[in-house]
Amino acid sequence: MKNKIILFLVLCFCFNLAGFAQSTVHESVKFQSKKLGKEVSYSIYLPDGYNSSERYYPVLYLLHGTYGDYSDWCHLTSIEKYAQNHKIMVVMP
């Protein structure tokens with residue numbers, strides 16, 4: 001019985017890691033903004049399975065504070081874990 005429990009826990013851990021490994025965070029992506037007249041950087045989180053899925057995902061837009069930038073949410077919070085748990089896209093301009 002003890003061996004079955006250990007095997008179950010190991011399998012759960014492996015499946016959990018596989019789910020996180022497939023998610024993607026694109027940092028320092030850039031586009032040319034016509035309205036601002038300059039290049040703008042942003043980060044975006046895409047949940048696992050996004051590229052092969054046909055479903056619609058909710059999108060959360062997170063803005064930084066006065067002295068921050070687009071990378072703050074990725075480096076200073078656990079936004080990737082939150083987004084993975086809730087199966088959402090997160091855009092951080």
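Readers should treat all values here as calculations from the given coordinates under stated rules, not as data from a laboratory. Quantities reported herein were computed from a predicted structural model and do not represent experimental measurements. As a convention, Cβ positions derive from the backbone with ideal geometry for all residues, glycine included, and neighbour counts pool all protein chains shown.
Apply the Karplus curve 6.51 cos²θ - 1.76 cosθ + 1.60, θ = phi - 60°, to the phi angles in the stretch 66-79 and return the couplings in whole Hz, x for Gly and Pro.
Couplings: 3, 9, x, 8, 4, 8, 4, 4, 6, 8, 10, 9, 9, 4 Hz.
List every residue whose amide H lies under 5 Å from the amide H of L60, counting only residues 5 or more places away in sequence or on a different chain, with H placed 1.01 Å from N in the peptide plane.
When sequence neighbours closer than 5 places are left aside, the close amide H contacts are M89, V90, V91.
Does a label point 7 Å from the Cα of V91, set along Cα-to-beta-carbon, have any residues of the stretch 43-74 with amide nitrogen under 16 Å, and which are they?
What the label zone holds, given the 16 Å backbone N cut-off, is 43-47, 56-64, 70-71.
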